[in-house]
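Everything below concerns the one structure shown next.
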Amino acid sequence: MTTIADKLYLVRGSLQEACVRHARPATAVRLLAVSKTFGPQAVREAFAAGQSAFGENYIQEAVDKMALLTDLPLEWHCIGPVQSNKTRLVAEGFDWLHSLDRLKIAERLSAQRPPDRAALQVCIQVNVDGGVAKSGVAPAELLPLARAVAVLPNLVLRGLMSIPEPTDDVQQQRQVHRAARHLFDKVAAAGLPANARWDTLSMGMSADMEAAVAEGSTMVRVGSAIFGRRG
Ligand SMILES: *Cc1c(COP(=O)(O)O)cnc(C)c1O
């Protein structure tokens, strides 16, 4: 039987190889373990194997899981859609949010961030390839939203997240990731308020990790390759 520790080891190996092949420093890409639908025991196993950053899509599920894991020094990333009535849970429970797509949500998160916690680290989700079923801002909306988010006091704007339409075609994967990278660079070149720390390109999942690394990802979000198939 392949354990979570085994699979983590393999994923880290593939990530390192991808970095070497595409001339990226091995430390340039962080691994986020996406533990959605898996229980606290799976998170414990991954933590024991050296993983401390975890991504979750469903906020209530995540908060329930966190409550059972307070003995571990974990970093929690929200990567799923956030409705207004869930902002308090995100502001109180998470370290990062990758899926910001509205100023109103950002304002609520900043207002609701507990004063005893570090600022919430946020990425704006961009719908780079125009996928119809997906959330995320259109590319043209990115810069104005980034500028408005960057001045909110209890958030630190870190970059963008992209979730391309799934495809097995590596060239197609790379093309969409490259477009995300261009948007990322354009915002950097346009300039942001001093509060921002525009250094994170959250892209790449189990099936397109290497393509994302090739095009400049700084954080890959890997679920099934670590935890197995979701039921
Ligand atoms: C589920 C999910 C992932 C992980 O996907 P895998 O294919 O299991 O690696 C990454 N990012 C987001 C936004 C997700 O919803």
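The values are calculated or read from the model by the stated rules, or taken from the named source; none is laboratory data. Small disclaimer: the values here were computed from a predicted structure and weren't measured. Cβ placement follows ideal geometry from the backbone for every residue including glycine, while neighbour counts extend to all protein chains displayed. When the accessible area is computed, the model is the full protein with side chains, heavy atoms only, and any ligands, DNA or RNA have been set aside. Shrake-Rupley method; radii C 1.70, N 1.55, O 1.52, S 1.80 Å.
Points to keep in mind about this one:
- Only listed residue being exposed (fewer than 14 other Cβ atoms within 10 Å of the Cβ) and more than 16 Å from the ligand (Cβ to nearest atom), chosen from PRO166, PRO193: PRO193
- Odd one out for ALA148, checked against (1) surrounded by 15 or more Cβ atoms within 10 Å (Cβ to Cβ); (2) more than 14 Å from the ligand (Cβ to nearest atom); (3) touching a residue at least 12 places away in the same chain (Cβ under 8 Å); (4) not aromatic (Phe, Trp, Tyr): (1)
- Test for ALA211: is it crowded, with 23+ Cβ neighbours inside 10 Å, away from the ligand (no atom under 11 Å from the Cβ) and either modelled with pLDDT under 95 or within 18 Å of SER14 (Cβ to Cβ) (or both): yes
- Taking region 1-92 and the strands (runs of 3 or more DSSP E) fully enclosed by it, the elements with 1 or more residues that are open to solvent by 20 Å² or more (accessible area, probe 1.4 Å) are at 30-34, 75-78.
- Matching option when the condition is within 26 Å of GLY204 (Cβ to Cβ), open to solvent by less than 80 Å² (accessible area, probe 1.4 Å) and among the basic types (Lys, Arg), among ARG174, ARG117, ARG178, ARG102: ARG174
- Number of the condition not met by SER135 [criteria: (1) at pLDDT below 95; (2) open to solvent by less than 10 Å² (accessible area, probe 1.4 Å)]: (2)
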